[in-house]
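The values are calculated or read from the model by the stated rules, or taken from the named source; none is laboratory data. None of these values were measured; they are calculated from a predicted model. Cβ placement follows ideal geometry from the backbone for every residue including glycine, while neighbour counts extend to all protein chains displayed. The area values use the complete protein model at the heavy-atom level, side chains included, leaving out ligands, DNA and RNA. Shrake-Rupley method; radii C 1.70, N 1.55, O 1.52, S 1.80 Å.
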Amino acid sequence: REGALPPELTSTCYGFNTTAFQNTNSMTDAWVEGHLCEPWRPEMHGLHISSGDNRGVPKVRSELHLRLRMVRPGKVWFSYSVNVDQSPEAADACPWLNGDTGSVATWRCVDGTVANTSYGCNEHRGRSLCPSNFPRMCGQPNQCAGGLAFCCSVDCAAFGGPRLCPASGGLQVLVCHNTRVRRCQPMPIRALPFKDRFYVSSQLSWVWAYIDVPEGWAEIVFVYLRDGAVAGEDRALIGEVGWEGTSLADTSCSACPIGKQSVAGSDRCSSCEDGQVFHVPTGQCKACAPNHYALPGMTTCLPRPVCTGVDYAAVFGECKASGKRDKHFEWLDPRVCEGGINLPPAHA
């Protein structure tokens with residue numbers, strides 16, 4: 001649709017405020033929501049969603065969010081096109097885009113030497129590859145190795161996003177989960193030999209990507225990142241987006257919990273009605289015998305007691321000009337008794 005995102009999608013953007021960074025030396029303060037940037041938006045013809053026109057800010061992070069509840073392991077698929085760096089080889093000089101060293105606690109330094117600690121690359125022009133236990137090279141350093149380490153175990157969101165080549169950018173896709181803390185995992189969306197590059201700088205023709213999503217709540221985040229000027233059109237496009245696993249198929253039925261039932265073809269379970277109890281052998285609700293009752297949540301039917309004076313209450317009307325008011329009687333709700341006495345007559 002022109003002018004509005006589909007209801008399943010939301011978007012925001014963050015621009016790098018150089019003045020804020022100079023004043024505070026804080027990356028958290030430097031990335032400002034809405035600063036000189038545009039979020040993802042539909043193209044005028046409505047066929048694609050664009051990462052926005054962000055040529056007015058030197059560094060940008062524009063995010064498109066899709067939140068899903070997977071009732072079983074499923075997939076998300078989408079078509080995309082990226083035109084940031086016109087040549088796919090533009091990022092080859094940045095080895096961290098090709099993965100990690102493949103070894104635990106093994107860093108490769110910029111001058112080609114190997115170190116067993118992050119500190120070990122401080123005197124060798126920095127890090128070119130992270131170890132397999134901290135495989136993500138982030139855009140900004142963390143607190144390790146004297147504040148010079150760029151490697152992270154899972155997500156670089158708190159450290160400026162993934163580290164780009166200078167004057168580079170592209171599309172990254174994250175799958176995020178909220179357990180005790182929010183965890184986001186970058187997904188490889190490029191075919192070999194680029195499977196370990198977690199952002200795509202150039203993909204001029206439309207291609208499809210497929211992502212496995214586990215059961216539970218998940219958020220798919222399409223991130224457009226840029227660091228400095230680029231040679232291409234400075235945008236990413238998302239075309240069709242689809243998913244499976246958010247509802248149970250007719251062939252994937254599961255039993256209702258004890259005390260609830262469902263009718264054929266229903267996608268939900270419901271409690272038994274008044275006068276019914278759950279029958280475990282059949283898995284269905286069963287009506288009570290005559291002169292017996294059951295309230296919602298009860299597991300057995302009980303004999304109806306004889307009605308007595310404790311089963312009804314008086315109800316008074318508004319006062320009249322004569323100084324009197326009407327009085328009548330009603331059975332207490334729910335009424336489970338039968339027979340016995342009748343309600344007293346109404347009177348003033």
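Pairs meeting the criteria (first residue in the range 197-221 and at positive phi, second residue assigned to a strand (DSSP E or B), beta carbons under 9 Å, at least 6 apart or on different chains) are GLY216/ARG69; GLY216/MET70; GLY216/HIS177. If a residue must be open to solvent by 80 Å² or more (accessible area, probe 1.4 Å) and within 23 Å of ALA294 (Cβ to Cβ), how many such residues does the range 305-348 contain? Here the count works out to 6.
Screening the candidates LEU129, LEU148 for the property of being under 26 Å from GLY169 (Cβ atoms) and open to solvent by 40 Å² or more (accessible area, probe 1.4 Å) yields one hit, LEU148. Of the residues making up the range 29-52, those that are at pLDDT below 90 and open to solvent by 60 Å² or more (accessible area, probe 1.4 Å) are ASP29, LEU36, MET44, HIS45, LEU47.
When the range 72-88 is filtered for residues that are touching a Gly at 6+ places or on another chain (Cβ under 7 Å) and in a loop (DSSP other than H, G, I, E, B), the ones remaining, listed by number, are ARG72, PRO73, VAL84, ASP85, GLN86. Regarding ARG55, is this residue open to solvent by 50 Å² or more (accessible area, probe 1.4 Å), modelled with pLDDT under 85, farther than 22 Å from VAL207 by Cα and in a loop (DSSP other than H, G, I, E, B)? Spelling it out, ARG55 is indeed open to solvent by 50 Å² or more (accessible area, probe 1.4 Å), modelled with pLDDT under 85, farther than 22 Å from VAL207 by Cα and in a loop (DSSP other than H, G, I, E, B). Among the residues making up the range 293-304, those that are closer than 11 Å to VAL277 by Cα and open to solvent by 50 Å² or more (accessible area, probe 1.4 Å) are LEU295, PRO296, GLY297, MET298, THR299, THR300, LEU302. The strands (runs of 3 or more DSSP E) located wholly in the range 252-336 that include 1 or more residues which are charged (D, E, K, R) and either at pLDDT 80 or above or closer than 30 Å to HIS347 by Cα (or both) occupy 284-287, 327-331. One residue stands out in the range 14-28 among those that are farther than 18 Å from ARG226 by Cα and surrounded by 12 or more Cβ atoms within 10 Å (Cβ to Cβ): the one that is modelled with the highest pLDDT, namely ALA20. Scoring ALA115 on the criteria (1) over 32 Å from the mean Cα position of the chain (by Cα); (2) surrounded by fewer than 16 Cβ atoms within 10 Å (Cβ to Cβ) leaves a single failure, condition (2). What do you reckon, is THR10 modelled with pLDDT under 85 and surrounded by fewer than 18 Cβ atoms within 10 Å (Cβ to Cβ)? When the stated conditions are applied, THR10 does not pass them. Are any residues in the range 68-115 out of contact with any Asp or Glu (no Cβ under 6 Å at 6 or more places or on another chain), of a type in the set (S, T, N, Q), farther than 29 Å from CYS144 by Cβ and modelled with pLDDT of 90 or more, and if so, which ones? If the condition is that a residue be out of contact with any Asp or Glu (no Cβ under 6 Å at 6 or more places or on another chain), of a type in the set (S, T, N, Q), farther than 29 Å from CYS144 by Cβ and modelled with pLDDT of 90 or more, then SER81 is the only one that fits.
Within the range 188-228, take every residue that is modelled with pLDDT of 85 or more and assigned to a loop (DSSP other than H, G, I, E, B) and give me the one that is nearest to LEU97 (Cα to Cα). For the range 188-228, the residue satisfying everything is PRO214.
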